[in-house]
Amino acid sequence: MSDKSTVLVVEDDTKLRTTVMDYLSSNGFEVLSAEDGLKAIDIFEEHISEIDIILLDGMLPMLDGLEVLKRIREESNVPVIMISARETEMDQLQGFYTGADNYITKPFLLSVLREQITALLNRTQKTEKLIESGALKIDTKLHRVYVDGKEISTTPKEYDLLLYFITNEKIVLNRDTILDRVWGIDYYGDFRTVDTIIKQLRKKLTDKHKYIKSVYGVGYYFEIDDD
């Protein structure tokens with residue numbers, strides 16, 4: 001297996017796609033490519049465990065870039081840099097709201113693109129790709145959770161909350177803190193949402209693994225207590 005980082009370049013402009021691919025290859029990256037949205041999804045799903053970062057054009061034939069990003073985010077947290085000729089604030093915000101990690105507008109310098117890729121990879125690859133604790137395994141790259149070696153289905157918020165708990169083991173967390181860290185400081189919903197998601201998680205962990213503990217009148221904490 002290569003130690004090089006693998007980049008998926010999704011761009012319908014043949015000349016630009018080839019230029020970016022050649023430049024990245026000459027700078028030590030493994031490169032995959034797609035010329036439209038549907039092909040991008042196919043290549044992503046085929047190489048999901050190999051791809052380290054995606055360069056995604058916002059305007060694509062067959063399937064729009066934002067829709068491609070939505071589908072990617074259903075399966076993975078792989079870093080994505082949106083590349084687009086659209087320069088308005090709203091266009092860029094849409095990319096971030098959909099799950100983009102960064103945004104670069106055309107035309108751009110290849111050297112700047114390379115530095116953005118390197119910086120984003122350095123930041124994201126510091127996070128463990130596989131977290132193991134007790135009967136739990138969380139693959140943070142593929143966004144998958146395993147209990148006793150078997151994958152369990154989790155909603156995005158169940159996943160986020162479980163990851164937050166497991167990385168803050170034995171720390172008592174009140175509902176307000178959980179809402180701020182998992183739902184975001186701009187969330188104004190009912191704190192009972194936390195109770196609902198925890199109830200769902202406990203059911204999926206089963207009675208065999210009672211890792212999420214309640215502290216009456218305060219909140220919750222996570223602790224591995226398997227014998």
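The values are calculated or read from the model by the stated rules, or taken from the named source; none is laboratory data. Remember, it's a predicted structure, so these values are computed and weren't measured experimentally. Note that each Cβ is placed from the backbone with ideal geometry, even for glycine, and that neighbours are counted across all protein chains shown.
Residue-by-condition table, conditions (1) β-branched (Val, Ile, Thr); (2) surrounded by fewer than 17 Cβ atoms within 10 Å (Cβ to Cβ):
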| residue | (1), (2) |
| --- | --- |
| THR19 | yes, yes |
| SER26 | no, yes |
| LEU32 | no, no |
| LEU38 | no, yes |
| ASP42 | no, yes |
| GLU45 | no, yes |
| SER49 | no, yes |
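All conditions but one from (1) modelled with pLDDT of 90 or more; (2) outside any loop (DSSP other than H, G, I, E, B); (3) under 23 Å from HIS143 (Cα atoms) apply to LYS213; the one that does not is (3). Going residue by residue through the stretch 54-63, is there one that turns out to be under 21 Å from the mean Cα position of the chain (by Cα), of a type in the set (A, V, I, L, M) and part of a helix (DSSP H, G or I)? No, because not a single residue in the stretch 54-63 is under 21 Å from the mean Cα position of the chain (by Cα), of a type in the set (A, V, I, L, M) and part of a helix (DSSP H, G or I). Going residue by residue through the stretch 17-30, is there one that turns out to be in a loop (DSSP other than H, G, I, E, B), under 23 Å from the mean Cα position of the chain (by Cα) and in the same structural domain as ASP91 (by TED's automatic domain parsing)? Within the stretch 17-30 (the criterion being in a loop (DSSP other than H, G, I, E, B), under 23 Å from the mean Cα position of the chain (by Cα) and in the same structural domain as ASP91 (by TED's automatic domain parsing)), the answer is yes, since at least one residue qualifies. Regarding the stretch 175-191, can at least one residue be identified that is farther than 29 Å from HIS47 by Cβ, in contact (Cβ under 8 Å) with a residue 24 or more places away in the chain and part of a strand (DSSP E or B)? Scanning the stretch 175-191, I find no residue that is farther than 29 Å from HIS47 by Cβ, in contact (Cβ under 8 Å) with a residue 24 or more places away in the chain and part of a strand (DSSP E or B), so the answer is no.
A single entry from LEU110, LEU60, LEU55, LEU136 fulfils the requirement of being outside the structural domain of MET21 (by TED's automatic domain parsing) and touching a residue at least 40 places away in the same chain (Cβ under 8 Å): LEU136.
Among the residues of the stretch 3-16, what is the count of those that are assigned to a helix (DSSP H, G or I) and basic (Lys, Arg)? Explain how you work it out, then say what you get.
Our first condition is that a residue be assigned to a helix (DSSP H, G or I); within the stretch 3-16, this holds for 14-16.
Those still in the list that are basic (Lys, Arg) too: 15.
Total meeting the criteria: 1.
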